[in-house]
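Here the structure is laid out as structure tokens; the discussion comes afterwards.
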């Protein structure tokens, strides 16, 4: 029996076979979790979902209705939600001198706003406590040239995660961020 036997997990951002989302899905499945895998386009995640016996869903992290529907899908398919992992993200490479309001807003929408709404809706679906993990980045701690929008929006995620951990702790919901560097 695996460590996640009987647990239900949502993983957003598992569309690439080499991604952290796909690797997490494979590990969670091996540990016995029931999974709902999601990406912006459902067809992008279907192959990985089939390979681990998961259901596939579409979820655009910039659309609150999609995030709410993802949490609802886990409840409808499995009756509960124990674990939610958010790997959704995008790179925004512009120097400060070249930055535009559009790029800054897009980075904030994907990372800061998206992660905040992901935490909100997944926590609401966790009736008996649970664990929420969202991806930050090592670049949020560094000062990499050309990544102000990306690193800045991920730094905002770090603070939201800290606040969510304090607010949701009394409901037995852990909230954490992981900050990987470059991955292969």
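A few remarks follow.
- Long-range neighbours under 6 Å by Cβ, at least six apart or interchain, first residue at pLDDT below 90 within segment 1-27, second crowded, with 22+ Cβ neighbours inside 10 Å: 15/39; 15/45
- Pair list, Cβ < 6 Å and 6+ apart or interchain, from segment 142-164 residues that are at positive phi and assigned to a helix (DSSP H, G or I) to residues that are surrounded by 13 or more Cβ atoms within 10 Å (Cβ to Cβ) and modelled with pLDDT under 95: none
- Residue check, residue 58 modelled with pLDDT under 95 and farther than 17 Å from residue 133 by Cα: no
- Selection status of residue 34, surrounded by fewer than 21 Cβ atoms within 10 Å (Cβ to Cβ), under 21 Å from residue 124 (Cα atoms) and over 13 Å from the mean Cα position of the chain (by Cα): no
- Take the conditions (1) out of contact with any strand residue (DSSP E or B) (no Cβ under 9 Å at 6 or more places or on another chain); (2) in a helix (DSSP H, G or I); residue 169 misses just one of them, which is (1).
- Test result for residue 118, assigned to a loop (DSSP other than H, G, I, E, B) and touching a residue at least 60 places away in the same chain (Cβ under 8 Å): no
- For the residues 68, 84, the requirement of being assigned to a helix (DSSP H, G or I) and surrounded by 17 or more Cβ atoms within 10 Å (Cβ to Cβ) singles out 68.
- Residue in segment 51-65 that is surrounded by the most Cβ atoms within 10 Å (Cβ to Cβ), counting only those that are touching a strand residue (DSSP E or B) at 6+ places or on another chain (Cβ under 8 Å) and within 21 Å of residue 27 (Cα to Cα): 54
- Hits in segment 27-40 (condition: closer than 27 Å to residue 62 by Cβ and part of a helix (DSSP H, G or I)): 28
- Odd one out for residue 89, checked against (1) within 28 Å of residue 138 (Cβ to Cβ); (2) modelled with pLDDT of 95 or more; (3) outside any helix (DSSP H, G or I); (4) touching a strand residue (DSSP E or B) at 6+ places or on another chain (Cβ under 9 Å): (2)
The values are calculated or read from the model by the stated rules, or taken from the named source; none is laboratory data. Computed from a prediction, not measured in an experiment: that's the story for all the values here. Here Cβ is always computed from backbone atoms with ideal geometry, including for glycine, and neighbour counts include all displayed protein chains.
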